[in-house]
Amino acid sequence: MKRYFPLLVLVFAIAAFSAVAHASGECADALGCVEVAPDDNIVIGGLLRLSGSPSRAGDVTRSAFQLAALAREGRLLGREIEFIVEDSACSEEIAREAARRIVANPAIVGVIGTNCSLAAKGALPIISAAGWLMMSPANSSPFLTNADREAGGLYQPGYYRTAHNDLFQGAFSAQFAASVLGVTTMATIDDGDPYTTGLSRAMAAAFEGLGGEVVYRGAISRGDSDMSAALGAIAAAGAELVYFPVFGSEAQFIIEQLAETPGLENTIMMSADGALSQSFAQGAGEAARGLYMSGPHVAGDAYAAFLQRWRREIDEAGPSNVFHAHAYDAANLLFAALETVALERDDGTLIIGRAALREALFAIEGYPGLTGSLACQDESPYAGDCATGEALAIFQLSGSEVHDGNWPPPVVWTAGMAEDG
């Protein structure tokens, strides 16, 4: 089987990797090395959401990783690729314990994960302190790549992601609301999660920067079902648009009760990728008709070929989570960095420096990912961001999605359209 993507010829600063090993083959990397014997596997860890509702995000990431490995005939650096996965459950506490189990295995060269920004908040301090790296295909909270602790920043060295930063998604959504929909007032609802809080703040700041007014900023709690207090306040404030980038269950309650709240009958609704799923659309039903949703949008010949392989190798129905292409890109970026830094002793043992591996990712430029051209930045508030937000779109739910189960919903605006003004 041929490789799906020919690897880009990467330009690296050779000095960054020269201290990985002495001439004797002993490790001289500042963060230590992984030694891979000639008959051992290349072991990569996963911190993925395999439980909770919905749990498919982790399954989709694992399948995307499998396809990336299959594109290399299951081998990297002459060894078999092994993927050891722990469940993060989209929980800060569970992810923290899962990260401790991962770093207890010195054979693991790096980690793919997490699927939730809240889980990253728990896992990242453990991964970073161990000198390891973690590459997320789905975390999008701006806090995770921001090193400013006073501003709520959570960045720690060793964190990377192929998912978009919600600074991009917030600005993109604000531009659509102001320029395309023509609204001048809006309200936001979040649930205190790093993802929902970060995205609602990014959207609000960008909307204000375009001359709009945020007339209400409210918060609910995860698991809430009664949204009347927030919706009543929004009706009194007179918002033209309600923006609620929360997860599916809470978004469904907001939509259902918004339709029944006096004064909000003609209010425009907008949510985001935390609820962008077929199950959400069908669960929300008729009340969700007309809802705008921002989230990942990938197109092109390479992506079409990837979907064909997915349907052939994984599931005829195709991926069930919107960050599948980002997961494929995350695996390939890590593979490329490993190929760059691994040194081989005379006895065939591979030496992989952990600091060198981190630097290799920062040195990648113009990597041809499914989701666009990738280059990992090294400065806050984008430290570890490898994507630019070009793989984003605004979708709108219609009767076809909420009643007939068709998916995905039609695209009404893309990042390319935003650039064209």
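The values are calculated or read from the model by the stated rules, or taken from the named source; none is laboratory data. None of the values given here were measured: they were computed from a predicted structure. Backbone-built Cβ (ideal geometry, glycine too); neighbour counts: all protein chains shown.
Just a few scattered comments:
- Of everything in region 1-34 that is in a loop (DSSP other than H, G, I, E, B) and at pLDDT 90 or above, the residue that is farthest from P319 (Cα to Cα) is A28.
- Checked against (1) of a type in the set (A, V, I, L, M); (2) part of a strand (DSSP E or B); (3) out of contact with any Leu (no Cβ under 9 Å at 6 or more places or on another chain), A163 passes all but a single condition, namely (2).
- Scanning region 130-173 for residues that are over 15 Å from the mean Cα position of the chain (by Cα), of a type in the set (G, A, S) and crowded, with 24+ Cβ neighbours inside 10 Å yields G158, S173.
- Qualifying residues in region 104-141 (those that are among the small types (G, A, S) and part of a helix (DSSP H, G or I)) - the one nearest to P194 (Cα to Cα): S117
- The single residue among A229, A275, A235 that is in a loop (DSSP other than H, G, I, E, B) and either of a type outside the set (D, E, K, R) or buried (at least 16 other Cβ atoms within 10 Å of the Cβ) (or both) turns out to be A275.
- Out of A337, A355, A393, one residue alone is touching a Ser or Thr at 6+ places or on another chain (Cβ under 6 Å) and modelled with pLDDT of 95 or more. It is A393.
- Number of positions in region 35-72 that are basic (K, R) and either not in a helix (DSSP H, G or I) or not assigned by TED's automatic domain parsing to the domain that holds E86 (or both): 2
- Check on S320, closer than 23 Å to A393 by Cα, of a type in the set (S, T, Y), touching a helix residue (DSSP H, G or I) at 6+ places or on another chain (Cβ under 7 Å) and at pLDDT 95 or above: no
- Subset tally (residues that are aliphatic (A, V, I, L, M), more than 23 Å from the chain's Cα centre (by Cα) and not in a helix (DSSP H, G or I)) for region 174-218: 7
- Of A288, A284, A237, A272, all but one fail to be of a type in the set (G, A, S), in contact (Cβ under 8 Å) with a residue 12 or more places away in the chain, under 25 Å from P137 (Cβ atoms) and not assigned by TED's automatic domain parsing to the domain that holds A327; the exception is A272.
- Failed criterion for D315 (all others in (1) assigned to a helix (DSSP H, G or I); (2) not assigned by TED's automatic domain parsing to the domain that holds A204 hold): (1)
- Number of residues in region 210-234 that are under 15 Å from I268 (Cβ atoms) and either among the aliphatic types (A, V, I, L, M) or not assigned by TED's automatic domain parsing to the domain that holds A174 (or both) equals 4.
- Annotation: of all residues in region 315-340 being of a type in the set (D, E) and more than 13 Å from the chain's Cα centre (by Cα), the one that is farthest from I351 (Cα to Cα) is E316.
- Test: residue in region 398-406 that is touching a residue at least 24 places away in the same chain (Cβ under 8 Å) and either in the same structural domain as A331 (by TED's automatic domain parsing) or under 23 Å from the mean Cα position of the chain (by Cα) (or both): no
- Considering each residue of region 161-170 in turn, at least one proves to be closer than 16 Å to G389 by Cβ, of a type in the set (A, V, I, L, M) and modelled with pLDDT of 95 or more.
- Looking only at residues in region 189-226 that are buried (at least 22 other Cβ atoms within 10 Å of the Cβ) and small (G, A, S), the one that is nearest to Y243 (Cα to Cα) is S200.
- Filter pass, A251 being assigned to a helix (DSSP H, G or I) and touching a helix residue (DSSP H, G or I) at 6+ places or on another chain (Cβ under 6 Å): no
- Selection count, region 363-394, where residues are more than 18 Å from the chain's Cα centre (by Cα) and surrounded by 17 or more Cβ atoms within 10 Å (Cβ to Cβ): 2
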